[in-house]
Each structure stands twice: as C-alpha cells, then as structure tokens.
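Only the coordinates and a few stated rules stand behind these numbers; no lab work does. In this text the structure is predicted, and so the values were computed from the model without any measurement. When we count neighbours, we look across all protein chains shown, and the Cβ atoms used for this are built from the backbone with ideal geometry, even at glycine.
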Amino acid sequence: MPVPINIPIIGKEEIKAVNQVLKSGVLTSAAKNGGKNVQEFEKLACKYVKSKFAVSVNSGTASLQAALLALDVQKGDEVLLPSFTFVATANAVVSTGAKPVFVDILQDNYTMDPEDLAKKITKKSKVIIPVHLYGNVAYIDRIIEIARKNNLRIIEDAAQSLGSTLKGKHTGTFGDIGSYSLYPAKVMTAGEGGFLVTNDKQLHEKLLMIRNHGMVHGYDTKILGLNLRLPEISAAIAKEQIKKLPKFLAKRRKNSQQLSKLLSKTDLTLPHERKNEKVNWYLYTIAAKNRDKLLKALNSKGIGAVAYYPTPVHKTPYYHSKVTLKTTEWAALHVLSLPVQPQVTPQNLSQTASVIKSLL
Ligand SMILES: Cc1ncc(COP(=O)(O)O)c(C=O)c1O
C-alpha cells in the first residue's frame, strides 16, 4: 500500500453534512455574513485559533489576495516574503500589482530570516508575509518588532500551520491578518477553501466586503472585491473537519516523535520544536546530503516522500529573479518531507527509517 505524504481523511460525519446541504437546496449565500454553514464554521475557527473574527473564502490563495486587498496593497508597493514557500504566496502579491521582494530563510526551521528582512525594507515596503512553512513557527516576535519599527503590516501565511502555536498563541493570530488553506492535502480540508482571521473589527468588515464584490447590502459595491465565497458544501465539510483536528494533530505528533526516535542516530538534520513552540507536524522535513537518492529509494518502495520545494519561487521561469538567497538555495537541494499524516502506521515509519538508514 502506498503511503501518501498527506491525504484528506473523510468520515461518515462529512458525508452526512454534505448530504444535508444538498437536501436543503441552499448551496451558497451572497448575504454579507454568508450562509448557515459558513457562519458556523467561522465560529468554530475563531474558537479554535482564539481569534475575534474569521472570514472563510474559497481557497488559501483567495485568502491571501483578500488580506492584501484589505491592507490596500497595490501597484507601487513592495511586499516582503520568503521565496521558500508555495508559489501562491508570491502569486497573490503579483495579482494586486505590487512587487514581491524575496527574503532568505534561516537554516534552523526554513522560515523567514528576520535579519535579511530588515535589510530589504525600502520606502516602498508595505506588508511582510512570514510563512509558517511545514507548520514551523516563523521567528514572529522579531518580525513583529521589525514591522513596528518600520510601520509595516503583517499577513501571516499560515496555510501550512493551522494548529501550530508559540507560547500557546496560534500562528495566524500574531499579525494584522492570518491566512489559512483548506486544500485537501492540508491538516484539515473543505475540498477547496481557506479562511482569514483578525482581531481588528474594521479589517473584518472589509474582508466580508472583499469576499463578496465589495458589497454590503447587495448591488452597492463600496470597495474592490471579488467572488471569494466558500460554498456551503465546503463549509459543512470544514465544520466536521475542525472538530476532528485536535485528534488528527495528536496522531501527527505521535508519528513524528516515533520517526525522530528511529532516525536519531543518523547524520540527518531532523526537525525540532523550539522552546515554547508547538508545531502541527504538517510536514516532517529532514535535510540530507544525498536528498535525491533518498527520495528515489523511498518513492520506489511506495513511501510518498516529497521535496518541498525543489525550485524556490525566485528561480521559477515566471519570476526568474536574479537575487541570491543562499539558505533558500541550499534548502531547495537538501530538504525532504516524510509521511507522518494520521493514517501512517508504526510499520510505515519503521520502513521509512530502514530505507533511509540503508542509504546513509
Ligand atoms: C504556504 C502556502 N500558501 C498558500 C497556499 C495556497 O492555498 P490554496 O492551495 O488553498 O490556494 C498554500 C497551499 O496550497 C501554501 O502551502
């Protein structure tokens, strides 16, 4: 049996919830606050991450776009973000007309390097987007300090880090706006979807409008918005998934601890939690000298190891930026994520470890 790196876990509760929506015939709502399932999911999301407000949307990409629009990012502005991320982070910036400015990462946990960030701030800088990559918490305390000093806003890209915390505070709730993805390969899903959180009432009102063509009462567009609404079917799935999330994450943690034990006496760089940090173990990512060889061997045994990301965004054909990002370029050649998702068994972990050890 192949062992996927990540896979949605759908039970009878989700199927029942979807059936109920279909039977109700109410598949979406263009009202300002959205439909019944949308509103109920948003309440659960607020409770889970401990935020005042949540707005669900139809993808993690839409979520980033909405956040950028809410902070009035436009042509002429610069947005600072890591290149070592899924391309959606940068594409969302480009879609507003703003310029993405790529910041290097720290080798320690593959997230934004605050010192490189500070160096790249200019008069045009407007927003910083730290990405909590793999579920690892970015060095957010330092990033907030830099943002305050330079009068910049923060959008946290928490697409991969739902459930990760620092000193008990959830990723996504440190900055002005937090952005999450509910894509099927994430720690929980809506089919496709995403959501934003904020503690700022004005930003919340703006995000509700942006989700729905800038309207408040209907046909009264006040600001630029789009159709970013989450369908009721997706919201119904998300509602059931978020109830199961603590269990999903506990299993990921258990699997990761087991894998770390199995790989402890190797020269691999293993992932770790910093003091006061709790990661969601979305991706258990190691660094290895012979990464490509390990990847090939694991895949040939059906173990769905994946390199995220072999091409950093600034090196893709569309971006082809000339900037040099030393640690980013190192990581792109050496990282490898191993399956620890909730359906991975102790046998799968032992096999993963033994394939790796046989090649070291
Ligand atoms: C870091 C990051 N940002 C943004 C996104 C975009 O989310 P979506 O695929 O839901 O549009 C993803 C996931 O796919 C991601 O991993």
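A cut-off of 5 Å between modelled amide H atoms, ignoring neighbours fewer than 5 places along the same chain, links SER125 with GLU78.
Subtracting the Cα-Cα distance of VAL323 and ASN150 from 0.36 nm times their residue separation leaves 60.0 nm of extension gain. Sorting the segments 11-17, 32-38 by their mean number of nearby beta carbons within 10 angstrom, highest to lowest, gives 32-38, 11-17. For the stretch 48-54, 3J(HN,Hα) computed residue by residue from phi via the Karplus equation (6.51, -1.76, 1.60; θ = phi - 60°) reads 5, 8, 6, 10, 6, 10, 9 Hz, glycine and proline entered as x. Annotation note: chymotrypsin sites (Phe, Trp or Tyr not before Pro) in the stretch 237-307 located in DSSP loop regions with a Cβ neighbour count of at most 12 within 10 Å are absent.
Measuring between their Cα centroids, the stretch 299-360 and the stretch 212-261 lie 26 Å from each other.
Each part reduced to its alpha carbon centroid, the stretch 144-181 and the stretch 100-135 end up 12 Å apart.
Structural descriptor for the stretch 12-240: relative contact order 28 percent, calculated from alpha carbon pairs under 8 angstrom and at least 6 residues apart. Our estimate of slack between ASN299 and LEU359, defined as 0.36 nm per intervening residue step minus the Cα-Cα distance, is 20.2 nm. Rounded to the nearest Hz, the phi-derived 3J(HN,Hα) couplings of the stretch 212-217 under the Karplus curve 6.51 cos²θ - 1.76 cosθ + 1.60 (θ = phi - 60°) are 9, 6, x, 8, 10, 9, where x marks glycine and proline. Rounded to the nearest whole Hz, the Karplus-based 3J(HN,Hα) values (6.51 cos²θ - 1.76 cosθ + 1.60, θ = phi - 60°) of the stretch 13-21 follow the sequence 5, 5, 5, 4, 5, 5, 4, 4, 5, with x at glycine and proline. Each peptide in 256-265, 80-89, 128-137, 49-58 was scored by the mean count of other Cβ atoms within 10 Å over its residues; highest first, the order is 128-137, 80-89, 49-58, 256-265. Within the shell of other residues whose beta carbon sits under 14 angstrom from the beta carbon of ALA288, the net charge comes to +3, with Lys and Arg scored +1 and Asp and Glu -1. When ARG229, ARG211 are arranged by Cβ crowding within 10 Å, least crowded first, meaning fewest neighbours, the order is ARG229, ARG211. Between the amide H of ALA307 and those of SER337, distances stay under 5 Å, these residues lying 5 or more places away or on another chain, with hydrogens modeled in the peptide plane.
When both bridge partners sit in the stretch 12-240, DSSP labels roughly 50% of those beta bridges antiparallel. Which of the three applies to the chain, rounded, prolate or oblate, going by the alpha-carbon gyration tensor with a ≥ b ≥ c and a/c under 1.5 meaning rounded? Here the chain falls in the oblate category. Full extension of the chain between LYS275 and GLN74 yields a length gain of 68.6 nm, computed as 0.36 nm times the residue separation minus the alpha carbon distance. With contributions of -39500 (n - 2.57) from each DSSP H run of at least four residues, the per-residue ellipticity at 222 nm computed over the chain stands at -12000 deg cm²/dmol. Restricting attention to the stretch 234-276, the count of lysine pairs at 8 or more positions apart or across chains with alpha carbons under 18 Å apart stands at 4. Cross-link pairs exceeding 18 Å in C-alpha to C-alpha distance, out of LYS99/LYS149; LYS50/LYS278; LYS75/LYS123, comprise LYS99/LYS149. How about the stretch 288-360: which chymotrypsin sites (Phe, Trp or Tyr not before Pro) there lie in a loop by DSSP and see at most 12 other Cβ atoms within 10 Å? Passing sites in the stretch 288-360 are TYR318. Over the stretch 85-142, Cα pairs under 8 Å with separation of 6+ residues give a relative contact order of 30 percent. Near the amide H of ILE105, within less than 5 Å, lie the amide hydrogens of ASP113, THR327, THR328, all on another chain or at least 5 residues away, with H placed in the peptide plane. Considering only alpha-carbon pairs that sit under 8 angstrom and 6 or more positions apart, the relative contact order computed for the stretch 246-359 is 38 percent. Computed over all pairs of different Cα atoms, the Kirkwood value for the hydrodynamic radius of the stretch 238-306 is 13.9 Å.
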